[in-house]
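Comments concern the structure below.
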Amino acid sequence: MTIALYYSPGACSFAPHVVLREIGLAFELREFSTADRSNYSPEYLAINPKGRIPALLIDGFVLTENPAILAYLGRKYEAAGLYPFDASEDEARCLELLAWSSNTVHVAYAQILRPEWFVPSEQEYPPVQASGRGNFQQGLPEIDAHLARSRFAVGNRFTVVDPFWLVFFRWGVRQGYQMKELYPSYSRYVDTVCERPAVGRALEAEGISIWP
Ligand SMILES: N[C@@H](CCC(=O)N[C@@H](CS)C(=O)NCC(=O)O)C(=O)O
């Protein structure tokens, strides 16, 4: 069975990358870097016509959209314990946080990095980016407050949501935010999550780090 993750170093594809390693699957990493726009190459568009990263290929089945990929992996490989089946409220929370992470926090960051997706003319980029920074900086304290009450995104267990939140933390560092001072609970949680061997291996494989 061929399992492949189409990723770009440091992109949101880092979340399913960690999940694949947590599950312990043998998989191929296929790099299509957003930095050089190879995610818009004909080769990648044949996999995902939207040109967005990530895409997951499992035995001929291609899946896109991070929340779908993360929930699918968590549910399909139930034994890894990355998806809460046992308590319906936990499962609902997991889906709620995947949706919010994708449609609110991730989109805020896209406003900063890719204003051209939101407005047609370059003159309009600065206000879109400013609004993105505002929106992103609303998401980060929400995560911090959540983690002041809860060990992981969903209660006491590491789930498919957590590697997604690790991505946002790293992006906050990249934006130059004083993450440790501003978001102490989020920072402590990231230290804990980074102790997981799967996270360390994924960082190494992508050639990235949380801190510069
Ligand atoms: N809704 C998509 C969004 C994916 C997305 O926008 N990914 C970024 C990387 S984090 C991307 O593909 N960017 C393309 C680019 O920057 O050209 C999802 O949840 O998977």
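Some points to look at:
- Kirkwood Rh, angstrom, segment 1-43 [1 / mean 1/r, Cα pairs]: 11.0 Å
- Contact order normalised by residue count of the chain, Cα under 8 Å, 6+ apart, percent: 23 percent
- Alpha-carbon centroid distance for the pair segment 37-113 / segment 4-25, whole angstrom: 10 Å
- Most to least packed among 70-82, 170-182 [average Cβ atoms within 10 Å]: 70-82, 170-182
- Debye-sum result for segment 103-212 in log10 I(q)/I(0), which assumes one identical scatterer on each alpha carbon, at q = 0.12, 0.17, 0.18 Å⁻¹: -0.45, -0.83, -0.91
- When the chain is described by a simple charge dipole with +1 on each Lys and Arg Cβ and -1 on each Asp and Glu Cβ, the residue from LEU57, GLY74, ILE208 located farthest towards its positive end is ILE208.
- Given in Å, the Rg to one decimal and the Dmax to the nearest whole number for the Cα atoms of segment 3-80 are 11.8, 38.
- Beta bridges assigned by DSSP with both partners in segment 1-98 are antiparallel in approximately 65 percent of cases.
- Residue among ALA145, ASN135, ASN48 farthest towards the positive dipole end of the chain, charges placed on Cβ: ALA145
- Here segment 88-196 is treated with +1 on each Lys and Arg Cβ and -1 on each Asp and Glu Cβ, and its dipole about the Cα centre works out to around 300 debye.
- Under a model in which nothing but the beta-carbon of Lys, Arg (+1) and Asp, Glu (-1) is charged, the chain shows a dipole of about 220 debye around its Cα centre.
- Its Cα centre serving as origin, segment 3-80 has a Cβ charge dipole (Lys and Arg +1, Asp and Glu -1) of approximately 160 debye.
- Debye equation applied to the C-alpha atoms of the chain, log10 I(q)/I(0) at 0.12 Å⁻¹: -0.61
- Hypothetical label at SER185: residues of segment 127-160 whose amide nitrogen lies under 16 Å (7 Å Cα-Cβ projection): 138-157
- Three semi-axes describe the equivalent ellipsoid of segment 110-159; taken as square roots of 5 times the Cα gyration tensor eigenvalues and ordered largest first, they are 33, 11, 5 Å.
- Solvent-accessible area assigned to carbon and sulfur over the chain amounts to 50 percent, based on a 1.4 Å probe.
- Per-peptide packing, taken as the mean over residues of other Cβ atoms within 10 Å, places 15-24, 192-201 in the sequence 15-24, 192-201 from highest down.
The values are calculated or read from the model by the stated rules, or taken from the named source; none is laboratory data. These numbers were taken from a predicted model, which means no experiment stands behind them. As a convention, Cβ positions derive from the backbone with ideal geometry for all residues, glycine included, and neighbour counts pool all protein chains shown. Side chains are part of the model used for accessible areas, which takes the heavy atoms of the whole protein and leaves out ligands, DNA and RNA. Shrake-Rupley method; radii C 1.70, N 1.55, O 1.52, S 1.80 Å.
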